[in-house]
Amino acid sequence: MEPAQPALHLDISDTTATIRIANPARRNAMTERMWRELPRLLRRCADDPGVRVLVLTGEGDTFCAGADISGMREDGGDASRRLAAEAEEALAAFPKPVLAVVRGHCVGGGCQLAVASDLRFAAEDASFGVTPARLGIVYPASSTRRLAGLVGPATAKYLLFSAELIDAQRALRTGLVDEVWPASELDGRVAEFARTLASRSLLTQAAAKEFVGAGAGAVADERVAHWARCARRSGEAVEGVAAFLERRVPRFGWRG
């Protein structure tokens, strides 16, 4: 039997889309073709009004061991790093909640993808590392800022300077992950939380994602005005208040 080809697999079930990284021969390392494919799959999910939540995970017991460096010798990996940065930015800009579900190794480019997600749930056996210092690579400025914004400057420097792996509990303490679960309970918790996210207002989530993503920089006045118009036209707040007073589940309808 021939080994499975490296690929990204998309599955849409109810309101949750799942993108699964699959390259088992190399611990789910991302090939250049996979980096190129990710933005296309993200556009497909963004354009699907039925998708409310995106889950990013790895095949089997590994999330992603980073970029597949087997083809990097000719240019030192410049092309692969450029594609990785483009895929990372596409993931960060995805307009709906993104939940990275991490088992096993989450290293290098895999950690880039996890950090670019909105939230990270991990199994107890997960380990995390940012490893460009092992290869003499300058980590992208945008990736460095995103990492530092998540875990703080000191932990970002620890990870980048040392290229050491940290376990799930330390990742939880530093803010790199949001929840840690026994491997046997992780899928159930993710499904439960995805249902919770899907039941909330996508309008609230999309605006909050943009505002939080602006970081310390001020949100442009026109973007604030844009979201105010969306809120007025959507009727989301009217429905939310009515559902609260009537003690029922709200039926939010805004889809962007």
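The values are calculated or read from the model by the stated rules, or taken from the named source; none is laboratory data. This one's a predicted model, so the numbers in the text were calculated from it and none came from an experiment. Quick reminder, even Gly has a Cβ in these numbers, built from the backbone with ideal geometry, and neighbours come from all protein chains shown.
Pairs, please: C-beta under 6 Å, at least 6 apart or cross-chain, first residue at positive phi and in the range 107-132, second surrounded by fewer than 24 Cβ atoms within 10 Å (Cβ to Cβ) and not small (Gly, Ala, Ser)? Filtered contacts from the range 107-132: Gly108/Thr131. Helices (runs of 4 or more DSSP H) fully within the range 188-256 that include at least 1 residues being over 30 Å from Ala123 (Cα atoms), of a type in the set (S, T, N, Q) and in contact (Cβ under 8 Å) with a residue 24 or more places away in the chain: 221-234. Taking the numbered list (1) in contact with a Leu (Cβ under 9 Å, 6 or more places away or on another chain); (2) at pLDDT 90 or above; (3) surrounded by fewer than 14 Cβ atoms within 10 Å (Cβ to Cβ); (4) over 30 Å from Gly60 (Cα atoms) in turn, Gly175 passes all entries but (4). Confirm whether Glu32 is surrounded by 17 or more Cβ atoms within 10 Å (Cβ to Cβ), at pLDDT below 95 and farther than 26 Å from Ala171 by Cβ. Considered against the rule, which asks whether it is surrounded by 17 or more Cβ atoms within 10 Å (Cβ to Cβ), at pLDDT below 95 and farther than 26 Å from Ala171 by Cβ, Glu32 comes out as yes.
If you go through the range 1-29 and keep only what is surrounded by fewer than 16 Cβ atoms within 10 Å (Cβ to Cβ), modelled with pLDDT under 95 and of a type in the set (D, E, K, R), you end up with Glu2, Asp14. Suppose the filter is of a type in the set (A, V, I, L, M, F, W, C) and within 21 Å of Ala156 (Cβ to Cβ); does Ala22 pass it? No; evaluated as a whole, the condition is false for this residue. Checked against the criterion of being within 24 Å of Asp61 (Cα to Cα), within 19 Å of the chain's Cα centre (by Cα) and of a type in the set (Val, Ile, Thr), the range 134-145 contains not a single residue that satisfies it.
In the range 241-256, the residue that is modelled with the lowest pLDDT out of those that are in contact with a helix residue (DSSP H, G or I) (Cβ under 9 Å, 6 or more places away or on another chain) and not charged (D, E, K, R) is Gly256. When the range 170-186 is filtered for residues that are in contact (Cβ under 8 Å) with a residue 40 or more places away in the chain and not in a loop (DSSP other than H, G, I, E, B), the ones remaining, listed by number, are Ala171, Leu172, Glu179, Val180, Trp181, Ala183, Leu186.
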